[in-house]
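Below is one structure, written out as structure tokens; comments come after it.
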Amino acid sequence: MALRLAILGAGRIGQVHAKAVASVPGAELVAVAEPFAEMAEQMRAQYGCDIREIDQIAGSDDVDAVVICTPTDTHADLIEQFTAAGKAVFCEKPIDLNVERVRACLAKVDAVGGRLMLGFNRRFDPDFMAVKAAIDDGKIGEVEMINLTSRDPVPPPYDYITRSGGIFRDMMIHDFDVARWLLGEEVTSVYAAASVLTDAEIGKLGDFDSANVILTTASGKQCTITNSRRATYGYDQRIEVHGSGGSVSARNQHEANIEIADATGYHRPPLLNFFMTRYVAAYANEIAAFVQALGDESPMPTTGLDGLKALELAEAAVTSVETKQAVLPG
């Protein structure tokens, strides 16, 4: 029988996940909860699902699991509500912007034996998965150094900046998760530097738009992360892993995988321009992994603990910028 899912929140990321659910065999979108009627109706019309209130979905016998795509400040409460109701939960990152609130939420999930997967979609990107497989297969020896580059084409709207939690908790948190995944060890030192280089208004709102972080593990492995809110050439997403026996990298994806050579030089099509086009396969793969984990009764591939660890690294980065010193996370 198909896993019956409901989407909570029909905004931009809700639409992404609805499309992913529709693409996954063994998954069925049963209902959507969305306070804006027009957005809810759009999802109902596109996927044939019901429109219900959140409390109705929690009590629905025909819903096995929910995908939480609501604003960040609602995530922890909804996770607690739906795991207590016996529903499996897939939640977009983060669980909350406050570390203690995340810990309290995870304790409640554990107390009821809840099933929770957190949406770190980059682990499910085919290229990034191939990098991880090369590491796990020993093709580059022992990991020694990692470079992660993540640059957005343009900054988000100012009103989003004010509620996002800042560049480390909102944007770089994806890279913190990828770093832990690829390093294979927990991080013991975080050193961060951040500036306002692309838009002075972002600084006035209390955030940064340009940041670099060096993560170090107890064995001395290092990961350097570079983030920027502006990349004039497109959505810049790259990984390079250097090991004792070689290296492996994942390069940017272009609108087409061609190269034209003429009298003026070599030319390639533009980069894919944002996460909704760059990570289409990743979103489908992570929902498929969620469905499979529930069907197999196997561990979730990305957990609430992964979310907590990534947030702890983000908090350490914020402290490092303030103190101009390396910080121990956690």
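Report the gain in length on full extension from residue 4 to residue 281: 0.36 nm times residue separation, minus Cα-Cα distance, nm rounded to one decimal.
97.6 nm is the gain from fully extending residue 4 to residue 281.
Exactly which GluC sites (Glu not before Pro) in the range 117-226 are in a DSSP loop and have at most 16 other Cβ atoms within 10 Å?
142, 185, 186
If you build a Gaussian network model of the chain, linking Cα atoms that sit under 10 Å apart, which residue out of 42, 81, 237 swings the most?
42
Specify the inter-centroid distance of the range 117-152 and the range 233-262, based on alpha-carbon positions, in whole Å.
Using only Cα atoms to place each centre, the spacing works out to 13 Å.
With springs connecting C-alpha atoms under 10 Å apart, model the chain as a Gaussian network and identify which of 163, 268, 151 has the largest mean-square fluctuation.
Result: 268 has the largest fluctuation of those listed.
Would you please give the residues with an amide H less than 5 Å from that of residue 144, counting only those at least 5 places away or on a separate chain, with H modeled from the backbone geometry?
So residue 144 has HN proximity to 242, 243, 244.
What angle do you read, to the nearest 10 degrees and between 0 and 90, between the alpha-carbon axis of helix 12-23 and the longest principal axis of the chain?
70
Can you pull out the chymotrypsin sites (Phe, Trp or Tyr not before Pro) in the range 175-252 that DSSP calls coil and that have at most 12 other Cβ atoms within 10 Å?
Those satisfying the criteria are 233.
What ranking do 327, 187 get, fewest neighbouring Cβ atoms within 10 angstrom at the top?
Fewest to most other Cβ atoms nearby, the residues stand as 327, 187.
So for 311, 328, 148, 97, fewest C-beta neighbours within 10 Å to most, what's the order?
So the ranking, lowest neighbour count to highest, is 328, 97, 148, 311.
In the range 1-83, which chymotrypsin sites (Phe, Trp or Tyr not before Pro) fall in coil by DSSP and have 14 or fewer other Cβ atoms within 10 Å?
36
Could you calculate the contour length gain from residue 159 to residue 322, that is, 0.36 nm times the residue separation minus the distance between their Cα atoms, to one decimal place in nm?
Extending this stretch completely gives an extra 56.3 nm.
Figure the gain on full extension for residue 296 and residue 200 (residue separation times 0.36 nm, minus the Cα-Cα span) and round it to one decimal in nm.
29.5 nm
For labels at residue 218 and residue 147 in the simple 7 Å Cα→Cβ model, what's the distance in nm?
3.0
Which of 56, 33, 97 sits closest to the plus end of the dipole of the range 3-114, meaning its Cα is farthest towards the positive end, when Lys and Arg get +1 and Asp and Glu get -1 on the C-beta?
Of the candidates, 97 comes out farthest on the positive side.
May I ask you to list the aspartates and glutamates whose Cα is less than 12 Å away from that of residue 221, ignoring any residue fewer than eight positions away on the same chain?
In chain and number order, the partners are 142, 144, 185, 186.
How far is helix 304-323 tilted, in degrees, relative to the longest principal axis of the Cα atoms in the chain, given as a value from 0 to 90 rounded to the nearest 10?
The two axes meet at around 40 degrees.
Computed from the coordinates by the stated procedures, all read-outs in this text should not be read as laboratory data. Treat the numbers as computed from the prediction; the structure is a model and nothing was measured. Backbone-built Cβ (ideal geometry, glycine too); neighbour counts: all protein chains shown.
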